[in-house]
């Protein structure tokens with residue numbers, strides 16, 4: 001246990017720019033003295049690397065340590081890193097370097113916010129996700145996820161002996177992880193507790209399927225997976241037994257929400273401003289849907305894809321048409337990976353009669369709208385094949401700080417491509433407004449949940465009632481899965497719609513600056529070159545306008 005106790009002290013001692021006393025093996029905290037930091041960009045990069053190593057919890061035998069005393073010590077030690085960063089003066093650096101400074105500051109604020117407000121290790125049973133069965137389409141896993149969760153989708157059988165052995169040890173640690181979680185989860189947040197039960201139900205199904213898949217090649221691994229599933233089921237039962245005694249709110253309150261927007265996400269809107277923006281988008285979506293419906297009143301409705309072969313043919317055609325459209329209409333410069341990135345995400349087909357979630361209902365009526373949203377996969381391919389020159393932007397930012405850029409562009413691109421002509425089919429326009437209505441409705445639900453003006457159930461019912469055509473249901477997983485993400489990660493639900501609006505502002509600013517020299521391709525290329533960072537910082541870097549970031553550093 002001494003290795004856990006001394007982890008952060010050892011890391012801080014390695015820093016040559018200040019001096020700390022040796023770590024007390026008994027866990028004591030002596031005074032820490034900090035000297036001045038060299039005010040140069042190289043020092044920031046060095047601090048960033050040390051910060052990233054510090055941010056993760058101690059781990060032993062694949063078990064992350066989120067015990068109260070360990071988290072309290074991490075919060076105390078965090079101040080050393082924040083003081084070192086504050087001692088730097090980036091005012092003479094380039095704008096790009098100053099942007100990196102604010103990214104590091106936002107990440108440190110994110111950990112501070114977790115300790116002061118979110119406390120996922122003690123409030124959120126869903127934080128202890130031991131496995132992640134499917135791939136995400138954004139730079140890093142959305143929401144609150146404990147360190148070391150197993151990305152199960154990355155394991156294709158048969159596994160080589162070394163990889164199989166490591167996975168077996170990680171699976172073997174699951175019962176101990178969940179045993180520690182029982183001790184850590186001491187706070188009263190009813191909706192978060194209920195969502196944890198749903199997480200464990202899903203994990204149990206995924207582990208059962210994985211055990212069956214690996215049985216033939218790796219019987220010992222399959223046995224460990226089944227033991228882990230028993231631990232997951234026991235933990236779910238423990239949560240179910242504790243649910244009746246949980247009555248407390250799960251939202252963080254408007255004041256905390258605003259602090260998070262300003263200091264972590266670097267989003268230049270308050271809770272109240274976002275409420276007005278999102279409500280306007282919900283009204284606009286329904287109004288424009290009504291106009292599109294009137295235009296299409298004599299046309300037959302779009303029919304859903306009926307067979308797997310039809311789905312695959314239409315999917316591949318939509319991908320090729322989208323990539324060709326981007327090139328022919330000079331929307332953005334292409335790198336050559338775009339078509340492959342989308343074709344690789346074809347997915348499986350759900351036959352008629354199977355439960356279809358909201359996005360499947362949209363996708364199976366026409367394959368083009370969600371291909372526009374698929375710019376997510378372009379972003380991931382670009383990050384891998386064209387790493388950003390900044391070492392701070394090369395890795396995904398922590399705390400989903402990239403959300404306004406990632407989700408704002410993907411959502412905004414649906415409407416942008418409709419107006420550019422790719423989705424300008426009378427009935428496909430209806431789908432674009434349906435998508436916007438659903439995203440605006442769930443964003444309002446998020447805002448109301450964090451203000452503790454709606455429960456999870458009320459937010460789910462609200463989102464379902466304001467999503468057209470009954471394509472979103474309380475019986476499906478989508479509304480609950482999204483509700484969990486938005487409760488666990490404030491402002492993620494609003495990032496789709498507010499990010500889209502913010503992108504419109506940035507495009508308008510840049511067009512007004514460049515006048516006749518403005519091109520859409522040039523704008524998109526500049527946007528991509530900035531990397532996966534908040535739109536407020538991209539706007540500063542692209543336009544020189546620092547009014548937004550200026551308000552957020554005060």
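The values are calculated or read from the model by the stated rules, or taken from the named source; none is laboratory data. Everything numeric here is computed off the predicted structure, so don't read it as measured data. Using ideal geometry, Cβ is built from the backbone for each residue, glycine included, and neighbour counts are taken over all protein chains shown.
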Within segment 66-91, take every residue that is touching a residue at least 24 places away in the same chain (Cβ under 8 Å) and outside any helix (DSSP H, G or I) and give me the one that is surrounded by the most Cβ atoms within 10 Å (Cβ to Cβ).
66
Tell me which residues, restricted to segment 401-424, are touching a helix residue (DSSP H, G or I) at 6+ places or on another chain (Cβ under 6 Å) and closer than 30 Å to residue 50 by Cα.
401, 403, 404, 405, 407
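This table checks each residue for (1) touching a strand residue (DSSP E or B) at 6+ places or on another chain (Cβ under 9 Å); (2) surrounded by fewer than 24 Cβ atoms within 10 Å (Cβ to Cβ); (3) without any contact (Cβ under 8 Å) to a residue 40 or more places away in the chain.
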| position | (1), (2), (3) |
| --- | --- |
| 377 | no, yes, no |
| 428 | no, yes, no |
| 432 | no, no, no |
| 460 | no, yes, yes |
When (1) touching a helix residue (DSSP H, G or I) at 6+ places or on another chain (Cβ under 8 Å); (2) free of Cβ contacts under 8 Å to residues at least 12 places away in the same chain are applied to residue 206, the one that fails is (2)
Between residues in segment 288-301 that are under 14 Å from residue 425 (Cβ atoms) and residues that are at pLDDT 95 or above and in a loop (DSSP other than H, G, I, E, B), which pairs lie under 8 Å by C-beta distance while being six or more apart or on different chains?
none
Could you check segment 380-432 and list, in sequence order, the residues that are at pLDDT 95 or above, in a helix (DSSP H, G or I) and over 28 Å from residue 143 (Cα atoms)?
417, 418, 419, 420, 428, 429, 430
Give segment 434-458 a look and list any residue that's closer than 26 Å to residue 295 by Cα and either surrounded by fewer than 20 Cβ atoms within 10 Å (Cβ to Cβ) or outside the structural domain of residue 322 (by TED's automatic domain parsing) (or both), or say none.
none
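One line per residue, one yes/no per condition, for (1) more than 20 Å from residue 404 (Cα to Cα); (2) crowded, with 19+ Cβ neighbours inside 10 Å:
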{"residue": "199", "(1), (2)": "yes, yes"}
{"residue": "213", "(1), (2)": "yes, no"}
{"residue": "225", "(1), (2)": "yes, yes"}
{"residue": "235", "(1), (2)": "yes, yes"}
{"residue": "251", "(1), (2)": "yes, yes"}
{"residue": "257", "(1), (2)": "no, yes"}
{"residue": "267", "(1), (2)": "no, yes"}
{"residue": "278", "(1), (2)": "no, yes"}
Tell me which residues, restricted to segment 345-362, are exposed (fewer than 13 other Cβ atoms within 10 Å of the Cβ) and free of Cβ contacts under 8 Å to residues at least 40 places away in the same chain.
346, 347, 348, 353, 354
Going through 243, 239 one at a time, which residue ends up being surrounded by fewer than 17 Cβ atoms within 10 Å (Cβ to Cβ) and in contact (Cβ under 8 Å) with a residue 24 or more places away in the chain?
243
